[in-house]
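Asker: Can you read through this structure? Questions will come right after.
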Amino acid sequence: MKHYLFILFYLFCNVFIYAFHGTFWVYLFCFLLFSAIVVWGSFDIQLGYFVNSITHKRTRVKEVALTFDDGPTALTPQFLDLLQEHQIKATFFCIGKQIEQYPETFKRILAEGHTIGNHTYSHSQSTGFLSTSKMTDEIQKCDDVILSVGNTATTLYRPPFGVTNPSIAKAIKRTGKKSIGWNVRSLDTVIDDEKKVYKRIIRRMKPGSIILLHDTSEKTYRVLVDLLHFLKDKKYSTFTVDSIIKSKKND
């Protein structure tokens, strides 16, 4: 995707500059336009502008992936109870600091057969401004905690906030991770009304969707209750993100 954007932008600028005789304001306009495209590419993980991320599964089968970010938390056991009740496996992208705070919950996630992924050690608010070396440290430190507490490892990585840039791309490559995104963003940490969150998910959901949720609030738990009933009624099954990578290796 990023190659096509660069080519289109290059052609557009050449035509635009030629048509308007290359004045200062034309060059400024092209610069601002390019900057806007870069910002857009940084925040929309589905574009694959800086990093090629898995955002969905190519399938006609009625199946989706439930993914949970920012845990484990004090509420995660409730989510696990619900998933166990419905016999569903999910993918949890865990923060290193949170694993240290709730080690037994992390072990339970693993023991119950869910897939785990790296979500950095601290989930820093300044993630998009960190250098390659600091981003690498964030990923590796989370890996160390995952190994220490869970005696396991993961190649899955989800960028905090879905933000990508050249430094993050290099860090992902250095640590040998596979970036995992989504194509259904619930906005459960932004929207207060749980009914709106639920409706947002089911309207955007389609076979192969990767759904982004957070195991951090009672609101999202209630959304999950309704969502699992919806999946059952519509005869949807679920898959874990690692299954996409495994199927690609077997092709």
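The values are calculated or read from the model by the stated rules, or taken from the named source; none is laboratory data. The structure presented is a predicted model; accordingly, all values stated were derived computationally and were not measured. Note: ideal-geometry Cβ built from the backbone for every residue, glycine included; neighbour counts use all protein chains shown. With ligands, DNA and RNA removed, areas are computed over all heavy atoms of the protein, side chains included. Shrake-Rupley method; radii C 1.70, N 1.55, O 1.52, S 1.80 Å.
Asker: Taking the conditions exactly as written (in contact with a His (Cβ under 9 Å, 6 or more places away or on another chain) and either within 17 Å of Pro72 (Cβ to Cβ) or of a type outside the set (Val, Ile, Thr) (or both)), does Ser167 satisfy them or not?
Answerer: No; evaluated as a whole, the condition is false for this residue.
Asker: Taking the range 86-131, which residues are farther than 26 Å from Glu63 by Cα and of a type in the set (Ser, Thr, Tyr)? Explain how you work it out, then say what you get.
Answerer: As a first pass, look at the range 86-131 and keep what is farther than 26 Å from Glu63 by Cα: 95-105, 107, 120-131.
Once the filter is applied, which keeps residues that are farther than 26 Å from Glu63 by Cα and of a type in the set (Ser, Thr, Tyr), the range 86-131 yields Tyr102, Thr105, Thr120, Tyr121, Ser122, Ser124, Ser126, Thr127, Ser131.
Asker: How about the range 39-149: which helices (runs of 4 or more DSSP H) wholly inside it have at least 2 residues that are within 28 Å of Asp233 (Cβ to Cβ) and at pLDDT 95 or above? Step through it out loud before you land on a result.
Answerer: Numbers: elements: 76-85, 96-101, 103-111.
Correct list: 76-85.
Asker: Checking Tyr236 against (1) in contact (Cβ under 8 Å) with a residue 12 or more places away in the chain; (2) within 27 Å of Ser122 (Cα to Cα); (3) of a type in the set (Ser, Thr, Tyr): exactly one of these is not met. Which one?
Answerer: It fails just one condition, (2).
Asker: Could you list all residues from the range 84-101 that are farther than 24 Å from Leu147 by Cβ and open to solvent by less than 40 Å² (accessible area, probe 1.4 Å)?
Answerer: Let us first name the residues in the range 84-101 that are farther than 24 Å from Leu147 by Cβ, namely 84-88.
The one that is farther than 24 Å from Leu147 by Cβ and open to solvent by less than 40 Å² (accessible area, probe 1.4 Å): Ile88.
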